[in-house]
Amino acid sequence: MRLLLAALLLAAYPATTLARGDAPIEAPLPPLAPWTGASESLPVKPDHLWATPGEKTGLVESPNYADTVAFVQKMAAASPLLSIETFGRTPQGRDMIAVVARKPGTAKKPVLLVQAGIHSGEIDGKDAGLMLLRDIAFRGKDRLLDKADLVFVPIFNIDGHERASRFNRPNQRGPLVQGWRTTSLNHNLNREYLKADAPEMQAMIGLIRKYDPALYLDLHVTDGTDHQYDVAFAFAGWDGLYAYSPAIGTWLDNSFRPTISNALAKAGHVPGYYVSAVDNRDPLKGISHDADTPRFSTGYGDHARIPTVLVETHSLKPHRQRVLGTYTLVERALQLVGDDHAKLAAAISADRAARPTSITLTWKPIEKPIKIIPFRGIAHESYKSEISGRDEIRWLGKPVMQQMPVFGVEPDRINALPVAWWVPASAADVIARMKLHGIQMETISTARTVPLDMVRLVEPKLGAAIEGRVPLSAKEYRHERREELMPPGSVRVVSAQPLGLLAAAMLEAESPDSFLAWNFFPGILQRTEYIEGYVIEPMAAAMLARDPALKAAFDKRLAEDKAFAANPTARLQWFYERSPYYNERYLLYPVGREIAATP
């Protein structure tokens, strides 16, 4: 029976090939609807003098790193419009390059920064960008540079890109060979924006700060459910929701979104909001519209006051179709940045001038849909699998219109911002990261005692290792007032600055993307002194005799906590923690919050 089901699946679905040993096994993909559109006129013929490496294969394949670099070097050598900049180096020793397209001798113009291959198996942006650069340099589209400059990173995750295989992304239709999602150090770069451990991300933050882009595009390919949308995108402020930079969000929603959607539709594509299903195995349950957190490109841009758009072409559409859609989007975005720069610059300036007094650190789901939208879906059915033992989904390839519930979020934890944060000189790595991001700070040259609100972790918990770190959380973040001695080299970070919200996301203890949450302070988890039982037991007896309230609290704990009552070590530890000998810095987060201005 299982063999029959497998045979029916393979017959019904066009397939990509996986390997198991030496025997090929077909990984069936859902039926593919035919597609045609005006953007099909964009590629040149394979024998064209300036055909890209991908075009030479009919956009079936995508070039490796060496061929990509060779092609852009060839173009830059032949065109005064293009230059190549090396802005970093990967852990495996490869140069990270950006191609700068600008007209020589012109005044400073707004910059569109476009990156491809942050997840290097999702590489449509590289092939689209090479085609667009070629057309700008040699095929009459240099007018695109009249009002704006283009900075294009063809491959962000280069080491992952070179871990290439036909078998890296079984849910994706092409290219024939694809890169790997994570870096050579197994970092997912689209979780790295705020903590910036990866050398590649540190280089990218440097590039962002150098060019201060008017618009930043992060190009991806998405897995998940089947649907009709071949080019989806998202940003903070879509439908006016969840924007930390509201003026930028309004421009993206009112100018970028309709302009790009119209251009894509005119070119034969189906644009839409990034589809994140509530349940991939039951797609009619709805889609999620979440707030963007600063570990991601869009959330980082939102906190840093940089207009940022996530572009997600659909993995089940052919690579060629996805590349052409990406080309259309990037080309129109470059035009828009130039044509609408006055409004865009005003939005950026407004958000950078804002000085919010609070920040939403965490969000919680709203149980009921926030809206119902018409959705261009694909018909599906369920069947009982003898292999998984549950119902599985089968996509049928038939376009359908559906009414799709959209589920949103609402603020959960909101913190009032302090006047400033104080970071001790001992946290040199944290100070260096803040400087990398451009956070404004004052470095003190002499020691200073400062009254601060500080946080002590209650019942800390280490999570599973992820992105090169072991994250840290706590049952409670207990605030306490302290007089703290800050040594020379410590920094004071005011919240009233253009990057105040980014600093808050980094330094507020309750922030899920803070340096504390990423466990930049592991030393606070370690106790280094202890007390012998023959010392603490008689001391505890004296403490009980002297303090009736302490005795009442101890008796209450014994009565209510049987595990505690049965644990002699825990009972003695209870008294040690209340003695003057206990390490008063244990579990104390060393970053302090200045509530009132320092005299």
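The values are calculated or read from the model by the stated rules, or taken from the named source; none is laboratory data. Not measured: the values here are computed from a predicted model. Don't worry about glycine lacking a Cβ; one is built from the backbone with ideal geometry, like all the others, and counts go over all protein chains shown. Ligands, DNA and RNA are excluded from the accessible area calculation, which covers all protein heavy atoms including side chains. Shrake-Rupley method; radii C 1.70, N 1.55, O 1.52, S 1.80 Å.
I want to confirm something. Restricting to region 355-379 and keeping residues that are out of contact with any helix residue (DSSP H, G or I) (no Cβ under 8 Å at 6 or more places or on another chain) and small (Gly, Ala, Ser), which single residue is most open to solvent (accessible area, probe 1.4 Å)?
Ser358
Give Leu516, Leu558 a once-over and let me know the one that is aliphatic (A, V, I, L, M) and under 31 Å from the mean Cα position of the chain (by Cα).
Leu516
What are the pairs with Cβ atoms under 7 angstrom where one residue, in region 379-400, is within 13 Å of Arg281 (Cα to Cα) and the other, located anywhere, is open to solvent by 50 Å² or more (accessible area, probe 1.4 Å) and not in a strand (DSSP E or B)? Sequence gap at least six, or different chains.
Partner pairs satisfying both residue conditions: Ile393/Arg281.
Mind checking which residues of region 201-227 are under 21 Å from Ala128 (Cα atoms) and either among the basic types (Lys, Arg) or in contact with a Pro (Cβ under 7 Å, 6 or more places away or on another chain) (or both)?
Scanning region 201-227 gives Ala214, Leu215, Tyr216.
Considering only region 45-98, state which residues are charged (D, E, K, R) and not in a loop (DSSP other than H, G, I, E, B).
Glu55, Lys56, Asp67, Lys74, Glu85, Arg89, Asp95
So for region 439-458 (the condition being under 29 Å from Arg209 (Cα atoms) and surrounded by 22 or more Cβ atoms within 10 Å (Cβ to Cβ)), does at least one residue qualify?
Checked region 439-458: at least one residue is under 29 Å from Arg209 (Cα atoms) and surrounded by 22 or more Cβ atoms within 10 Å (Cβ to Cβ).
Of all residues in region 134-162, which are buried (at least 19 other Cβ atoms within 10 Å of the Cβ) and either touching a Cys at 6+ places or on another chain (Cβ under 9 Å) or assigned to a loop (DSSP other than H, G, I, E, B) (or both)?
Correct list: Ala148, Pro154, Ile155, Phe156, Asn157.
All but one of (1) at positive phi; (2) free of Cβ contacts under 8 Å to residues at least 12 places away in the same chain hold for Ala465, so report the exception by its number.
(1)
Within the bounds of region 62-70, is there any residue that is open to solvent by 20 Å² or more (accessible area, probe 1.4 Å), under 23 Å from Arg332 (Cβ atoms) and either in contact (Cβ under 8 Å) with a residue 60 or more places away in the chain or not small (Gly, Ala, Ser) (or both)?
yes
May I ask you to list the residues in region 506-542 that are within 11 Å of Leu472 (Cβ to Cβ) and open to solvent by less than 70 Å² (accessible area, probe 1.4 Å)?
Selection gives Ala509, Pro512, Ser514, Phe515, Leu516, Ala517, Trp518, Asn519, Phe520, Phe521, Ile524, Leu525.
Is region 358-371 home to any residue that is in contact (Cβ under 8 Å) with a residue 12 or more places away in the chain and assigned to a helix (DSSP H, G or I)?
no
Inside region 418-468, can you point out the residues that are closer than 18 Å to Ala504 by Cα, in a loop (DSSP other than H, G, I, E, B) and β-branched (Val, Ile, Thr)?
Those that are closer than 18 Å to Ala504 by Cα, in a loop (DSSP other than H, G, I, E, B) and β-branched (Val, Ile, Thr): Val419, Ile439.
Let's see how each residue does on (1) surrounded by 19 or more Cβ atoms within 10 Å (Cβ to Cβ); (2) of a type in the set (Lys, Arg):
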residue	(1), (2)
Thr225	yes, no
Ala234	yes, no
Gly237	yes, no
Ile260	yes, no
His269	yes, no
Tyr273	yes, no
Ala277	no, no
Arg281	no, yes
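Restricting to region 553-599, name every residue that is aromatic (Phe, Trp, Tyr), modelled with pLDDT under 95 and either open to solvent by 80 Å² or more (accessible area, probe 1.4 Å) or more than 25 Å from Val455 (Cα to Cα) (or both).
Passing the criteria: only Tyr581.
Which one of these is within 30 Å of Glu200 (Cβ to Cβ) and modelled with pLDDT under 95: Ala11, Ala78, Ala51, Ala19?
Step by step, each of Ala11, Ala78, Ala51, Ala19 is checked, and only Ala19 is within 30 Å of Glu200 (Cβ to Cβ) and modelled with pLDDT under 95.
The rows are residues; the columns are (1) over 25 Å from Val60 (Cα atoms); (2) touching a residue at least 60 places away in the same chain (Cβ under 8 Å); (3) open to solvent by less than 10 Å² (accessible area, probe 1.4 Å).
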site	(1), (2), (3)
Gln92	yes, yes, no
Val100	yes, no, yes
Gly105	yes, no, no
Lys108	yes, no, no
Leu112	yes, yes, yes
Ala116	no, yes, yes
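Please specify each residue of region 220-270 satisfying the condition of being touching a helix residue (DSSP H, G or I) at 6+ places or on another chain (Cβ under 9 Å), closer than 20 Å to Gly286 by Cβ and not small (Gly, Ala, Ser).
Once the filter is applied, which keeps residues that are touching a helix residue (DSSP H, G or I) at 6+ places or on another chain (Cβ under 9 Å), closer than 20 Å to Gly286 by Cβ and not small (Gly, Ala, Ser), region 220-270 yields Thr225, Asp226, His227, Phe233, Trp238, Asp239, Leu241, Tyr242, Val270.
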